[in-house]
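Okay, so here's the structure we're looking at.
The values are calculated or read from the model by the stated rules, or taken from the named source; none is laboratory data. Because the structure is predicted, anything quoted here is derived from the model rather than measured. Neighbour counts run over all protein chains shown; Cβ positions are idealised from the backbone, glycine included.
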Amino acid sequence: MSGPVEPGWRGAPGRSYLKEDRGEFLLCQETAAGDCTVYVPGKAPVEIAALPRPVYHWGTLGAYARLTSDVVSFTLAVNPGMDFAPGQFAVCAVPGVEGGRAYSMVNDSGQAETLEFVVKAKPGGKFSEWIFAANRDRTRVRVFGPLGRAVFRPEEDKNVLCIAGGSGIAGMISILARAHAAGYFAGHRGHVFFGVRTATDVFYLERLNDFAAASRGNLEITVALSEGDAPEGLKARYPALRFATGFVHAVAAAAMAGKYENVVAFVAGPPPMVDGALRMLIMEARLSAKDIRYDKFG
Ligand SMILES: Cc1cc2nc3c(=O)[nH]c(=O)nc-3n(C[C@H](O)[C@H](O)[C@H](O)COP(=O)(O)OP(=O)(O)OC[C@H]3O[C@@H](n4cnc5c(N)ncnc54)[C@H](O)[C@@H]3O)c2cc1C
């Protein structure tokens with residue numbers, strides 16, 4: 001409402017929606033240059049207000065590993081530790097790359113001193129080029145988090161549907177880790193659909209196979225390949241997983257027909273995949289908005 005602000009990233013896409021003649025500015029980019037009065041219209045729902053508050057952390061990069069030709073994973077040892085809910089993300093800023101980039105935590109939630117991330121290369125992307133150019137272990141990284149409302153809340157007592165494209169599986173692994181640790185699939189159903197292009201693009205199948213195997217049939221995990229069928233060798237290596245051919249949201253739509261009772265759905269991945277899955281969840285599954293949670297990696 002009043003007070004001095006300094007503009008941040010001038011090219012931020014959100015600026016196109018601003019009415020600057022009405023004094024609007026981009027709250028997520030500007031910096032307060034002195035005392036400001038901020039009016040927040042509306043109320044935060046209780047479950048959102050209960051999420052951990054984001055703060056700045058310093059992190060040290062480690063355990064850098066190539067999972068496929070265009071996917072790397074790494075950890076960040078953070079100080080102070082970060083308390084986060086399953087499905088949340090953090091914004092990481094690295095030396096030489098302007099601005100921060102959002103990455104979803106892969107590991108189990110709670111108070112964590114080590115955060116685990118997975119990054120899929122975006123051709124020509126600044127962070128992608130930086131992280132793929134060399135092993136970046138021991139780099140100091142500025143981290144802000146946790147952020148995000150697409151979180152799993154076991155107390156909601158719902159069956160879980162996850163639809164992920166590529167590195168969108170990151171937050172789903174965190175959700176499954178929490179559910180697994182809480183014995184959630186002893187009393188609930190889970191359906192996970194993980195979409196990649198070909199059999200050479202898969203990663204984290206070991207973990208997914210272990211989650212499915214431990215669930216006594218209540219957690220079904222399907223790997224959907226959009227280009228071609230899964231080789232027999234892959235199926236034999238991960239006997240607790242199912243494999244299908246097609247776009248992940250179409251595979252999910254076919255497998256889920258008639259199974260949407262008491263379901264909360266999580267969707268993450270590239271924008272076209274997320275849009276396809278959302279259309280399906282709204283038009284076909286008829287889930288209510290509060291039961292659809294998503295992160296678009298655009
Ligand atoms: C909630 C969320 C969670 C995500 N989780 C993951 C994940 O787990 N794994 C994964 O691989 N990807 C994830 N992404 C995508 C990720 O944040 C990056 O967009 C992606 O890695 C490409 O980054 P890049 O720097 O290589 O590409 P770029 O095209 O260089 O940058 C990507 C985006 O960063 C923003 N940006 C560019 N310049 C600036 C600047 N100067 N200041 C501020 N912002 C700028 C723009 O919005 C741009 O579209 C997530 C995205 C979101 C929104």
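Annotations for the structure displayed:
- Residue check for Val78: outside the structural domain of Trp9 (by TED's automatic domain parsing) and not in a strand (DSSP E or B): no
- Region 47-66, subset part of a strand (DSSP E or B) and not hydrophobic (A, V, I, L, M, F, W, C), residue nearest to Phe203 (Cα to Cα): Arg66
- When region 143-173 is filtered for residues that are assigned to a helix (DSSP H, G or I) and buried (at least 20 other Cβ atoms within 10 Å of the Cβ), the ones remaining, listed by number, are Gly166, Ser167, Gly168, Ile169, Ala170, Gly171, Met172, Ile173.
- Close pairs from region 266-288: first in the same structural domain as Lys158 (by TED's automatic domain parsing), partner of a type in the set (Ser, Thr, Tyr) and in a loop (DSSP other than H, G, I, E, B), Cβ under 7 Å, at least 6 apart: Ala285/Tyr260; Leu287/Tyr260
- Criterion violated by Ala12 - all others in (1) without any contact (Cβ under 8 Å) to a residue 24 or more places away in the chain; (2) exposed (fewer than 10 other Cβ atoms within 10 Å of the Cβ) satisfied: (2)
- Matching option when the condition is among the polar types (S, T, N, Q), surrounded by fewer than 12 Cβ atoms within 10 Å (Cβ to Cβ) and under 28 Å from Trp130 (Cα atoms), among Thr31, Thr37: Thr31
- Of all residues in region 174-195, those that are surrounded by fewer than 24 Cβ atoms within 10 Å (Cβ to Cβ) and either assigned to a loop (DSSP other than H, G, I, E, B) or within 13 Å of the ligand (Cβ to nearest atom) (or both) total 5.
The rows are residues; the columns are (1) touching a residue at least 60 places away in the same chain (Cβ under 8 Å); (2) more than 9 Å from the ligand (Cβ to nearest atom); (3) surrounded by 15 or more Cβ atoms within 10 Å (Cβ to Cβ).
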residue	(1), (2), (3)
Met82	yes, yes, yes
Phe89	yes, no, yes
Gly96	no, yes, no
Ser104	yes, no, yes
Asp108	yes, yes, yes
Gly124	no, no, no
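- Residues of region 228-275 satisfying the condition of being within 16 Å of Asp201 (Cα to Cα), assigned to a loop (DSSP other than H, G, I, E, B) and more than 23 Å from the chain's Cα centre (by Cα): Gly228, Asp229, Ala230, Pro231, Tyr238
- Residue, nearest to the ligand (Cβ to nearest atom), within region 126-142, restricted to residues that are in a loop (DSSP other than H, G, I, E, B) and either in the same structural domain as Val196 (by TED's automatic domain parsing) or in contact (Cβ under 8 Å) with a residue 40 or more places away in the chain (or both): Arg136
- Test: residue in region 276-292 that is of a type outside the set (Phe, Trp, Tyr), part of a strand (DSSP E or B) and in contact with a Pro (Cβ under 6 Å, 6 or more places away or on another chain): no
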